[in-house]
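Let me begin by presenting the structure, written as structure tokens, before commenting on it.
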Amino acid sequence: QVQLVESGGGLVQAGDSLRLSCAASGRAFMWTAMGWFRQAPGKEREFVSAITWNSITRYLDSLKGRFTMSRDNAKNTVYLQMNSLKPEDTAVYYCAAKQGSSSTSTFSSDYAYWGQGTQVTVSS
């Protein structure tokens, strides 16, 4: 069982930066692929980024260069650094963990564990 707790969301202005954190419980964290997804009001949940156990990352193409995902296995934590934020980045951001797998995926259905989400609001 893995429990995930996100933090770091908030209200910012366009062009600002935020860093989201996701703290995970469980001994197998360091071998587990992790992901970030987001869901804006009235829209489907959308893949943002993912990271393997050894920090190989993948991103939604439109976010490359602005968002950076990283992990600290010693702290059981993954991060999402978001720069040059835009109003269209406004969403609830969710951290997710795969079960027993170190390979990443862009599909939310491949992730077994989810955090409660953290709200990011970007004003224009």
- Within the range 88-124, the count of residues that are in a loop (DSSP other than H, G, I, E, B) and over 14 Å from A40 (Cα atoms) comes to 15
- G8 meets each of (1) over 19 Å from T104 (Cα atoms); (2) modelled with pLDDT under 95 with one exception, condition (2)
- Query: What residue, among those in the range 94-120 that are farther than 19 Å from W31 by Cα and buried (at least 16 other Cβ atoms within 10 Å of the Cβ), is nearest to the chain's Cα centre (by Cα)?
  - Reply: Y94
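Could you tell me whether any residue of the range 96-114 is among the hydrophobic types (A, V, I, L, M, F, W, C) and within 20 Å of D16 (Cα to Cα)? Spell out the reasoning first.
Step one: of the range 96-114, the residues among the hydrophobic types (A, V, I, L, M, F, W, C) are 96-97, 107, 112, 114.
If we keep only those that are within 20 Å of D16 (Cα to Cα) as well, we get none.
No: the range 96-114 contains no residue that is among the hydrophobic types (A, V, I, L, M, F, W, C) and within 20 Å of D16 (Cα to Cα).
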- For the range 70-93, enumerate the residues that are open to solvent by less than 30 Å² (accessible area, probe 1.4 Å) and either of a type in the set (D, E) or under 15 Å from G9 (Cα atoms) (or both). V78, L80, M82, L85, D89, A91, Y93
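Across the range 1-49, which residue is nearest to the chain's Cα centre (by Cα) among those that are among the hydroxyl-bearing types (S, T, Y) and surrounded by fewer than 19 Cβ atoms within 10 Å (Cβ to Cβ)? Working first, answer last.
We begin by selecting, within the range 1-49, every residue among the hydroxyl-bearing types (S, T, Y); these are 7, 17, 21, 25, 32, 49.
Keeping just the survivors that are surrounded by fewer than 19 Cβ atoms within 10 Å (Cβ to Cβ) gives 7, 17, 21, 25.
Numbers: S7: 11, S17: 15, S21: 8, S25: 16 Å.
The residue in question is S21.
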- For the range 77-89, does any single residue satisfy the condition of being of a type in the set (K, R), more than 17 Å from Q1 (Cα to Cα) and touching a residue at least 40 places away in the same chain (Cβ under 8 Å)? yes
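The values are calculated or read from the model by the stated rules, or taken from the named source; none is laboratory data. All values reported here derive from a predicted model rather than from experimental measurement. Please note: Cβ atoms are built from the backbone with ideal geometry, for glycine as well, and neighbour counts cover all protein chains shown. Ligands, DNA and RNA are excluded from the accessible area calculation, which covers all protein heavy atoms including side chains. Shrake-Rupley method; radii C 1.70, N 1.55, O 1.52, S 1.80 Å.
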